[in-house]
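J.: Please read through the structure below; I'll follow up with questions.
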């Protein structure tokens with residue numbers, strides 16, 4: 001079933017790409033990982049969890065090891081929307097532009113509307129997986145390690161592993 005799940009991951013990428021985005025501007029980076037690259041990501045997650053002593057990187061890394069594909073989505077070079085709405089914590093978008101710093105896992109602060117775009121793209125992707133009955137789960141820990149490993153580039157990333165087994169491996173963990 002690996003081939004079929006890779007195809008579904010590709011369709012998930014299409015759904016993420018075509019998802020609505022603020023002002024029609026697209027700052028979403030998308031990658032579909034092969035089974036081989038998924039295995040390498042799993043190993044990197046286990047190592048990061050051990051090195052950082054942060055919980056559940058091992059659990060999620062084991063889930064990734066049993067997945068046939070992983071979809072990665074990242075927000076990259078996302079310009080503020082220009083609304084001066086304050087949702088990011090600053091009064092103006094100009095103030096936000098000068099504040100981007102690299103945090104321990106992600107960079108920020110980021111425009112709340114661009115983060116919403118990432119969320120909508122994720123929702124579109126997982127909806128597509130569900131249409132094909134592919135088990136999936138949105139995992140922030142995948143994004144952390146994908147960024148740190150250079151698998152994807154951006155300020156924030158999230159991963160969605162997919163599998164097809166008799167029982168969904170991403171729940172009751």
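J.: Any residue that is at pLDDT 95 or above, within 15 Å of the chain's Cα centre (by Cα) and assigned to a helix (DSSP H, G or I) - is there at least one of those in region 75-88?
T.: No, there is no match, as no residue in region 75-88 is at pLDDT 95 or above, within 15 Å of the chain's Cα centre (by Cα) and assigned to a helix (DSSP H, G or I).
J.: For region 148-173, give me the residue count where each residue is under 16 Å from the mean Cα position of the chain (by Cα) and free of Cβ contacts under 8 Å to residues at least 40 places away in the same chain.
T.: 1
J.: Next question. Take region 3-51 and flag every residue that is free of Cβ contacts under 8 Å to residues at least 40 places away in the same chain, assigned to a helix (DSSP H, G or I) and within 21 Å of residue 133 (Cα to Cα).
T.: 3, 7, 10, 35
J.: Given the options 126, 144, name the one that is closer than 25 Å to residue 53 by Cα and touching a helix residue (DSSP H, G or I) at 6+ places or on another chain (Cβ under 9 Å).
T.: Residue meeting the stated conditions: 144.
J.: Follow-up. Report the residue count in region 153-168 for those that are buried (at least 18 other Cβ atoms within 10 Å of the Cβ) and farther than 23 Å from residue 14 by Cα.
T.: Total meeting the criteria: 0.
J.: A follow-up question, please. Would you point out the residue of region 13-33, among those that are more than 18 Å from residue 152 (Cα to Cα) and out of contact with any helix residue (DSSP H, G or I) (no Cβ under 8 Å at 6 or more places or on another chain), that is surrounded by the fewest Cβ atoms within 10 Å (Cβ to Cβ)?
T.: Ranking the qualifying residues of region 13-33, first place goes to 24.
J.: Return the residue satisfying two criteria in turn: it lies in region 116-147 and is more than 12 Å from the chain's Cα centre (by Cα) and part of a loop (DSSP other than H, G, I, E, B), and of such residues it is surrounded by the fewest Cβ atoms within 10 Å (Cβ to Cβ).
T.: 133
J.: Given the conditions (1) exposed (fewer than 14 other Cβ atoms within 10 Å of the Cβ); (2) in contact with a helix residue (DSSP H, G or I) (Cβ under 6 Å, 6 or more places away or on another chain), and given that residue 102 satisfies all but one, which numbered condition is not satisfied?
T.: (2)
J.: Read through the list (1) buried (at least 18 other Cβ atoms within 10 Å of the Cβ); (2) out of contact with any helix residue (DSSP H, G or I) (no Cβ under 7 Å at 6 or more places or on another chain); (3) touching a residue at least 40 places away in the same chain (Cβ under 8 Å), then give the number of the only condition that residue 60 fails.
T.: Of the numbered conditions (1) buried (at least 18 other Cβ atoms within 10 Å of the Cβ); (2) out of contact with any helix residue (DSSP H, G or I) (no Cβ under 7 Å at 6 or more places or on another chain); (3) touching a residue at least 40 places away in the same chain (Cβ under 8 Å), the odd one out for residue 60 is (2).
J.: Going by the conditions given, is residue 150 crowded, with 20+ Cβ neighbours inside 10 Å and either under 22 Å from residue 53 (Cα atoms) or at pLDDT below 95 (or both)?
T.: Criteria not met by residue 150.
J.: Anything in region 64-96 that is surrounded by fewer than 23 Cβ atoms within 10 Å (Cβ to Cβ) and touching a strand residue (DSSP E or B) at 6+ places or on another chain (Cβ under 8 Å)? List them, or say none.
T.: 66, 68, 76
The values are calculated or read from the model by the stated rules, or taken from the named source; none is laboratory data. Every value quoted in this text rests on a predicted model; they were computed, and no experiment measured them. Don't worry about glycine lacking a Cβ; one is built from the backbone with ideal geometry, like all the others, and counts go over all protein chains shown.
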